[in-house]
Every structure is written in C-alpha cells, then in structure tokens.
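A short worksheet on the structure shown next.
The values are calculated or read from the model by the stated rules, or taken from the named source; none is laboratory data. Since we're looking at a predicted model, the values are computed, not measured. Using ideal geometry, Cβ is built from the backbone for each residue, glycine included, and neighbour counts are taken over all protein chains shown. Accessible surface areas use protein heavy atoms only, side chains included; no ligands, DNA or RNA. Shrake-Rupley method; radii C 1.70, N 1.55, O 1.52, S 1.80 Å.
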Amino acid sequence: MKNLLDNDFRSELIKILIDNTPIAYIIMDDQYRIHYINDNFLKLRKLDWSSTMGEICYNISNGGVPCKQCAVAQSLQTGQKAFIARKDVLPDGSVRFIDDYAIPLQVACPDGHKYVLEIMVNRTEEMLARKRRDDDYDEIVSLFSNLLEAKDTYTATHSDSVRRYAGMLASALQLSPEEIFEISIAASLHDIGKVNIADTIINKPAKLTDEEFGKIKQHPVDSFYMIQNLSSFNNIKNIVI
C-alpha cells in the first residue's frame, strides 16, 4: 500500500474526491479564463468540456457580459475568500440556485496571473422544496385570514400589517431568511384565536364588560391551541402566544 504521505497517492486521492463529489469546481485566472473544471460543473451548467476549457467564464455563462454579482471578482479585488448566494437562469430557461464560493490560490505563477478556485454548491432541489413549503404555508395563512376577515375586517387587515412590519424588523435585525419567514407567518396568525369570540363581543360598539374583555384577552391562548397540533407550525406556535 502506498504511503499516505506519498505525493502521487495524495494527488490521486484529491482527483478522486473532486471528480466524484456533487460539487462544481473551477479554476480561473484574473482575466476570468477557465483553466480547470470538473464534471459536476459541466453537468450543473449544461456545458461540454471542449466549449468551456480556456474560455472566458462570462462568455459562456452570461452572454459575454461580466456578471453583476461575482464571487470571483470579489475575491480578486480583496485577496480574500468571497461568497454569494445566487439564482442563475440557464439558456434553456431552467433555474439553478447556487451557493458560490471563491478562494484565491496563493501560489506563484510564472505567467504573472492570479488564480482563483471557484466552488459551486447546487441548492436547487432544497430551494424548490422550500418554495413548495412556503406556498403551502401561504395557502393555510390565507385560509385563516379569510376566517378572520369574515369575523372582523379590522382584525384581518391588522394581521396583514403586523406581518409586514414584523418581517421588516426581522430583516433589519439581519435574521436568517428562515427566521424572517417564521416570524412573518406567526405575525399573520397571532389573532386567529379571535374566531372563537362571539360576534356580539368582537363587534360590540359599546364598552365591554369585564367578562367580555376577559374573553378578548384569551384569544392569544386560543391562537396557540388552534395551531399547536400542526407539525409544520412547531417553530412558530410559541411566537403566536
């Protein structure tokens, strides 16, 4: 067996890893000319080796125009690692959601060029599944909103406003997209428990009695109980209450 420190063995191992990992690898210079690609890059971009090697990257991927968002450009400018999450639309209209990393290669090259390793992680399946989930959430929230609106128009429009402002605040706090989404959904549902309140109370023009006001104050708890058994809402039921 070859020694694990043997250069030939390490080179062979690295090649096996790069060729068989479900990640795209590209090496290009500071003129954006491609010097290395693995098979997963070709599969991801629906390209072939002969029309890609040695070409300028944006000539084959962006119609000859430098990309507005480019991790490689950032890495070349700063000399540091760079990351961009982006959505690509291929020439055939198909979509790819990509986590794009660029890492400067700290090697002395006789041609005087700088080189960057670009790593693309395909997150398309995950993002499409998340979109389907979000669509399902929106349908459920829309159903609840319609129930609220039938009960009390003010409450329904109020929930829409709370959702909008909660999302804006969560974004300003730089929370993750998942956290922002969950907070927005919770804001939409925070008053859903009011459907359990009698119309004579919720729409009463006169001052409420203490007993009636007690029932109004109960609605956050009712909101919690209405969604507690929905597994999709596990992360937001405590926000609602």
Residue pairs qualifying under the 6 Å Cβ cut-off, at least six apart or on distinct chains, with the first in region 70-95 being without any contact (Cβ under 8 Å) to a residue 24 or more places away in the chain and the second being among the polar types (S, T, N, Q), are ALA82/GLN74; ALA82/SER75; ILE84/GLN69; ARG86/GLN69
Scanning region 175-198 for residues that are over 20 Å from ASP160 (Cβ atoms) and of a type in the set (A, V, I, L, M), the one surrounded by the fewest Cβ atoms within 10 Å (Cβ to Cβ) turns out to be ALA198
Somewhere in region 199-206, is a residue open to solvent by less than 60 Å² (accessible area, probe 1.4 Å) and in a helix (DSSP H, G or I)?
yes
Of the listed residues (GLU149, GLU178), the one being at negative phi and at pLDDT 75 or above is GLU178
With respect to ILE26, is the statement that it is within 27 Å of the chain's Cα centre (by Cα), within 25 Å of CYS109 (Cβ to Cβ) and open to solvent by less than 70 Å² (accessible area, probe 1.4 Å) true? yes
Meets criteria (surrounded by fewer than 16 Cβ atoms within 10 Å (Cβ to Cβ) and assigned to a helix (DSSP H, G or I)) for LYS131: yes
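What about ARG96, is it open to solvent by 30 Å² or more (accessible area, probe 1.4 Å), of a type in the set (D, E, K, R) and closer than 19 Å to LEU44 by Cβ?
It is true that ARG96 is open to solvent by 30 Å² or more (accessible area, probe 1.4 Å), of a type in the set (D, E, K, R) and closer than 19 Å to LEU44 by Cβ.
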